[in-house]
Amino acid sequence: MGSGPGDPELITVKGKQYVEQADVIIYAGSLVNPTILSWAKHNAEIHDSSSLTLNEIVEIMVKSADEGKLVARLKSGDGGIYGALLEEMWALEASGIPFEIVPGITAAIAAASVLPSELTIPKISQSVIITRASLRVPMKGSLRDYAHHVKEGATMVIYTGVHIIEKVIDQLREGGLDDSVPVAVVYRATWTNQKIVKGTIGDIVQKVKKEKIYRDSVIIVGISANPDIVKNEVRSSVYDPSHNHSYRPWKVKEDD
């Protein structure tokens, strides 16, 4: 179940109801706002998964479900974005345990909201690439492989990369991005201690180091990181009076 990006009010209504009803709660202690646990029943069994292995987490879920208990597995943001969701889902399926996936607000959306900006800008940026950076965990493709899409109008949102931001920026440059491309780093979006650092490929490393940001951040690359530079170019066709669609036919002047 996705618990949202940090602000406890950004969990879904359904998510909150499951927390209130659960007999057993397993939460990602390093990322989930502990305020959410205050909604739990006084006798709920609570486990912090940050020190557990996959097998240990699954064992708790299966054992509790077999005892007829309702289990709420809390993941930060949305479980479908870097939430290791499939492994736990497959284990429950193999054990014959029914489950429901409850979505949440991922950090990319939260970061855009606090900038404030939008990840898709009419006629400017209509594609979003969500990816990650890593030192130790292998992954197919690299930031340099995706960077050229930013030149073509895409917005790139990079998770788990701020601790190696020099490497991130080097790869973006290798992919063809120049120093003028806007970049924003959002630390702990929607938490009370959130930080927002805006800059460009050319200066974001120095700015982030000055703020001593090393974790819990997303990096937004592209026009969405600084939409003001295209303020005079943006016009959504959806609400443009000269653009008709099935819900709004042509608006014709009286003298036409």
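Say we look at the range 27-45 and pick out the residues that are at pLDDT 95 or above and of a type in the set (Ser, Thr, Tyr); which of these is nearest to Ala111 (Cα to Cα)? Among them, the one singled out is Thr35.
Here's a check for you: in the range 27-44, which residue that is among the polar types (S, T, N, Q) and in a helix (DSSP H, G or I) is nearest to Asn193 (Cα to Cα)? Spell out the reasoning first.
Looking only at the range 27-44, we keep the residues that are among the polar types (S, T, N, Q), and these are 30, 33, 35, 38, 43.
Those still in the list that are in a helix (DSSP H, G or I) too: 35, 38.
Numbers: Thr35: 15, Ser38: 20 Å.
Within the range 27-44, the match that is nearest to Asn193 (Cα to Cα) is Thr35.
Of the residues making up the range 1-34, those that are among the β-branched types (Val, Ile, Thr) and surrounded by fewer than 20 Cβ atoms within 10 Å (Cβ to Cβ) are Thr12, Val13.
Residues are listed down the side, and each one gets a yes or a no for (1) in the same structural domain as Glu152 (by TED's automatic domain parsing); (2) in contact with a Gly (Cβ under 7 Å, 6 or more places away or on another chain); (3) buried (at least 19 other Cβ atoms within 10 Å of the Cβ):
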| site | (1), (2), (3) |
| --- | --- |
| Thr53 | no, no, no |
| Val58 | no, no, yes |
| Ser64 | no, no, yes |
| Val71 | no, no, yes |
| Ala84 | no, no, no |
| Ile124 | yes, yes, no |
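For the range 17-41, give me each residue that is in contact with a strand residue (DSSP E or B) (Cβ under 9 Å, 6 or more places away or on another chain) and of a type in the set (Ser, Thr, Tyr). The answer is Tyr18, Tyr27, Ser30.
Among the residues of the range 18-31, those identified as of a type outside the set (Ser, Thr, Tyr) and touching a helix residue (DSSP H, G or I) at 6+ places or on another chain (Cβ under 9 Å) are Val19, Glu20, Asp23, Val24, Ile25, Ile26, Ala28, Gly29, Leu31. Scanning the range 164-193 for residues that are within 17 Å of the chain's Cα centre (by Cα) and either in a helix (DSSP H, G or I) or touching a residue at least 40 places away in the same chain (Cβ under 8 Å) (or both) yields a total of 7. Every condition in (1) within 30 Å of Gln194 (Cα to Cα); (2) over 22 Å from the mean Cα position of the chain (by Cα); (3) in a helix (DSSP H, G or I) holds for His47 except the one numbered (3).
Candidates are the residues of the range 5-26 that are in a loop (DSSP other than H, G, I, E, B) and of a type in the set (A, V, I, L, M, F, W, C); the one that is nearest to Gly104 (Cα to Cα) is Ile11.
The values are calculated or read from the model by the stated rules, or taken from the named source; none is laboratory data. What you are looking at is a predicted structure, and each value in this text was computed from that prediction instead of being measured. Cβ sites come from the backbone with ideal geometry, for glycine too, and all protein chains shown count toward neighbours.
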